[in-house]
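Heads up: the structure comes next, in structure tokens.
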Amino acid sequence: MASSANESSELRVLAIANQKGGVGKTTTAINLGTALAAVGEKVLVIDIDAQGNASTGLGVLPDSRPITVYDVLASEATLLQAAVKTDVPQLHVVPAKSDLVGFESEYHEDRNRAFRLRDAIAALQAGQRGNSSERPFSYVLIDCPPSLSLLTLNALVAAHAVVVPVQCEFFALEGISQLKSSIDQIRATLNPRLEIQGVVLTMHDARTGLSREVAAEVRQFFGPKVYETMIPRNIRVAEAPSFGQPILLYDYDCPGSKAYVELATEIIDRERSAKAA
């Protein structure tokens with residue numbers, strides 16, 4: 001499947017964000033990145049969570065992270081220098097380690113503190129334009145921490161759009177209005193292009209009334225922003241990160257793999273429609 005991103009030099013930056021933990025942000029970042037790569041995109045996942053779970057889930061162990069996103073934010077390395085190839089062709093990751101914990105306190109007085117990731121991505125894009133021999137990245141996915149911290153702020157200032165994973169359980173909408181308010185505020189002050197690309201329902205169990213009720217509630221709240229694709233509650237999806245593999249490598253035929261391929265296709269279709277508008 002050819003993509004519009006490959007027909008254009010524009011690099012699209014999507015933040016995977018929700019300040020609520022356990023909703024599937026990292027799983028979505030890993031597997032969406034893999035699915036986008038599988039349909040022909042060149043993808044860079046930026047792990048901006050001090051837990052480093054996206055790095056581990058893509059097979060990059062802690063002792064294989066000599067350069068991390070902290071070095072990038074500290075202007076001591078570029079994204080290309082920090083990027084590590086994964087086992088998925090055309091998928092790279094900028095890993096994170098626990099040193100990110102100190103970022104907020106170290107840079108709280110820096111006037112440029114909210115723009116450090118944006119500037120690093122701008123440098124990446126400028127470098128890609130000047131290097132015709134290397135295929136450029138078409139997507140950057142930023143895996144955010146479960147909080148509205150300075151790290152998440154950096155991601156939202158750098159992003160064109162946000163993908164919001166919402167778990168199909170009680171209190172699913174708790175905090176979502178706060179995230180939406182934060183996005184609106186950032187759009188008004190720091191990043192006028194920022195929008196919600198879409199909301200993805202995760203850990204959906206079609207057998208339970210609760211999942212159906214939550215899905216209906218989220219669709220009522222967000223309307224057409226909610227993707228048609230829902231990520232099912234699937235044990236194989238839960239197992240895959242412990243083996244350092246995206247679900248598409250761990251078990252290509254399971255329902256979770258198929259759902260992430262469908263989600264990637266839906267996101268690309270939305271990107272095409274936005275560009276055509």
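The values are calculated or read from the model by the stated rules, or taken from the named source; none is laboratory data. Just so it is clear, the structure is predicted and the values come from calculations on it, not from any experiment. Because the Cβ atoms are built from the backbone with ideal geometry, glycine has one as well, and the counts that use them run over all protein chains shown. These accessible areas exclude ligands, DNA and RNA; they are computed on the full protein's heavy atoms, side chains included. Shrake-Rupley method; radii C 1.70, N 1.55, O 1.52, S 1.80 Å.
So here's what we get for this one:
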item: Inter-residue pairs, beta-carbon under 7 Å, first among the charged types (D, E, K, R) and in segment 74-92, second part of a loop (DSSP other than H, G, I, E, B), 6+ apart; result: D87/G59
item: Pairs, first part of a helix (DSSP H, G or I) in segment 181-192, second modelled with pLDDT under 95 and not aliphatic (A, V, I, L, M), C-beta under 6 Å, six or more apart; result: none
item: Every residue from segment 95-139 that is in contact with a helix residue (DSSP H, G or I) (Cβ under 6 Å, 6 or more places away or on another chain), assigned to a loop (DSSP other than H, G, I, E, B) and open to solvent by 80 Å² or more (accessible area, probe 1.4 Å); result: none
item: Helices (runs of 4 or more DSSP H) (entirely within segment 211-277) containing at least 2 residues that are basic (K, R) and in contact (Cβ under 8 Å) with a residue 24 or more places away in the chain; result: 255-276
item: Residues that are farther than 22 Å from S147 by Cα and touching a Pro at 6+ places or on another chain (Cβ under 6 Å), drawn from segment 42-64; result: V60
item: Selected residue (criterion: farthest from the chain's Cα centre (by Cα)) from residues of segment 29-42 that are surrounded by fewer than 24 Cβ atoms within 10 Å (Cβ to Cβ) and outside any loop (DSSP other than H, G, I, E, B); result: A38
item: Test: residue in segment 6-21 that is among the polar types (S, T, N, Q), within 14 Å of the chain's Cα centre (by Cα) and open to solvent by less than 70 Å² (accessible area, probe 1.4 Å); result: yes
item: Residue that is surrounded by the most Cβ atoms within 10 Å (Cβ to Cβ), among those in segment 57-94 that are modelled with pLDDT of 95 or more, touching a helix residue (DSSP H, G or I) at 6+ places or on another chain (Cβ under 7 Å) and part of a helix (DSSP H, G or I); result: V69
item: Per-region count, segment 150-162, residues open to solvent by 10 Å² or more (accessible area, probe 1.4 Å) and either touching a helix residue (DSSP H, G or I) at 6+ places or on another chain (Cβ under 6 Å) or in a strand (DSSP E or B) (or both); result: 2
item: Of all residues making up segment 124-141, the number that are under 22 Å from A35 (Cα atoms) and either among the β-branched types (V, I, T) or at pLDDT below 85 (or both); result: 2
item: Total residues in segment 174-191, condition open to solvent by 90 Å² or more (accessible area, probe 1.4 Å) and under 13 Å from A17 (Cα atoms); result: 1
item: Residues satisfying the stated conditions in segment 163-172, i.e. surrounded by fewer than 16 Cβ atoms within 10 Å (Cβ to Cβ) and on the phi < 0 side of the Ramachandran plot; result: F170
item: Candidates P241, P246, filtered to the one that is open to solvent by 10 Å² or more (accessible area, probe 1.4 Å), in contact with a helix residue (DSSP H, G or I) (Cβ under 8 Å, 6 or more places away or on another chain) and closer than 25 Å to T152 by Cα; result: P241
item: Residues located in segment 109-165, provided they are without any contact (Cβ under 8 Å) to a residue 24 or more places away in the chain and not charged (D, E, K, R); result: N112, A122, A126, G130, N131, S132, S133
item: Some residue of segment 185-194 being in contact with a Gly (Cβ under 9 Å, 6 or more places away or on another chain) and of a type in the set (S, T, Y); result: no
item: Filter result (at pLDDT 85 or above and either open to solvent by 30 Å² or more (accessible area, probe 1.4 Å) or among the charged types (D, E, K, R) (or both)) within segment 192-207; result: P192, R193, E195, M203
item: Within segment 251-277, considering residues that are modelled with pLDDT of 90 or more and of a type in the set (S, T, Y), the one surrounded by the most Cβ atoms within 10 Å (Cβ to Cβ); result: Y260
